[in-house]
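Values quoted throughout were computed directly from the atomic coordinates according to the rules given, and no laboratory measurement underlies them. Remember, it's a predicted structure, so these values are computed and weren't measured experimentally. Backbone-built Cβ (ideal geometry, glycine too); neighbour counts: all protein chains shown.
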Amino acid sequence: MLHSAVTRTPPAPRPLADLAEWESRARLMVKARRYDHVVRVADLAYQIARANRLDADRAYLAGILHDIARDLPDSELLRLAPPEVPIDAAHPLALHGRAARTLLERWGYRDEVVLRAVEDHTTGPRSACSVSACVYVADVSEPGRGVNQHIRELAMVDLEGALALAISSKVHYLQARGIPVHPRTLSAYQGLQERGALPPSA
Ligand SMILES: [Fe+2]
Ligand SMILES: [Fe+2]
């Protein structure tokens, strides 16, 4: 079921008008429990975007689409998102954001705001006040995870602050365990430092 959805190339619905079509397509791509997470992320991304006067419809759609490649095997992820840096080859699961973008482009999807949010949800958004940031924060703090309620609540009043918490806790978690941090995540972290949302490194 999952693989046939990858290889077929159905006509592309329009970006926002055919939301039901995108929802059913996303549902086909993931396991049932994953789709429950996907809907929670989309709902929360919508709320965060509205609270921060960002494009809530695009945040919702990006939430629906963000994990369409999450349940694909490593071999498929590597084919859809060829490694750009050594960490990509070592941890193919982290490629599922970029692989999802590739899939959407192959299906004819062209909305760059949504594509970027889907691509960047694994490694961190390139802009702190963006649809990408809404989806990233929603993904790590949706209620079903049972953690990060403080990030979820902060995002309603201070998206950049919530993003800083989410990115910094990921970076510090990995560094404390000697696990390499993806260059894109480090870049997001440094961007937040430059904006004063995070303290400079010691
Ligand atoms: Fe994901
Ligand atoms: Fe997710």
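Things worth noting here:
- Here is the list for segment 84-128: trypsin sites (Lys or Arg not before Pro) lying in DSSP coil, each with at most 16 other C-beta atoms within 10 angstrom of its C-beta, are ARG110, ARG126.
- Theoretical gain in end-to-end length, ARG145 to LEU28 [0.36 nm per residue, Cα-Cα removed]: 39.9 nm
- Arranged from fewest to most other beta-carbon atoms within 10 Å of their beta carbon, SER169, SER132 become SER169, SER132.
- 5 Å binning of all Cα-Cα separations within the chain, expressed as whole percents from 0 upward: 1, 8, 16, 21, 21, 17, 10, 5, 1, 0, 0
- Note on the chain: with a GNM built from Cα contacts shorter than 10 Å, the maximum mean-square fluctuation among LEU61, LEU159, LEU174 falls on LEU174.
- GNM remark for the chain: springs join alpha carbons under 10 Å apart, and the peak mean-square fluctuation among ALA155, ALA20, ALA100 falls on ALA20.
- Hydrodynamic radius of segment 78-187 by the Kirkwood approach over all distinct alpha-carbon pairs: 14.6 Å.
- Between the Cα long axis of helix 159-176 and the first principal axis of the chain there is an angle of about 80°, rounded to the nearest 10.
- Segment GLN175-ARG195, extension gain: residue separation times 0.36 nm, minus the distance between their alpha carbons: 5.0 nm
- Sparse-neighbour loop sites [trypsin sites (Lys or Arg not before Pro); segment 45-96; at most 15 other C-beta within 10 Å; DSSP]: ARG53
- From least to most packed, judged by other beta carbons within 10 angstrom and beginning with the fewest, HIS121, HIS91 follow the order HIS91, HIS121.
- The angle between the Cα long axis of helix 56-65 and the main principal axis of the chain comes to about 70°, on a 0 to 90 degree scale.
- Cα pair distances of segment 10-120 binned at 10 Å [whole percent]: 15, 47, 31, 7
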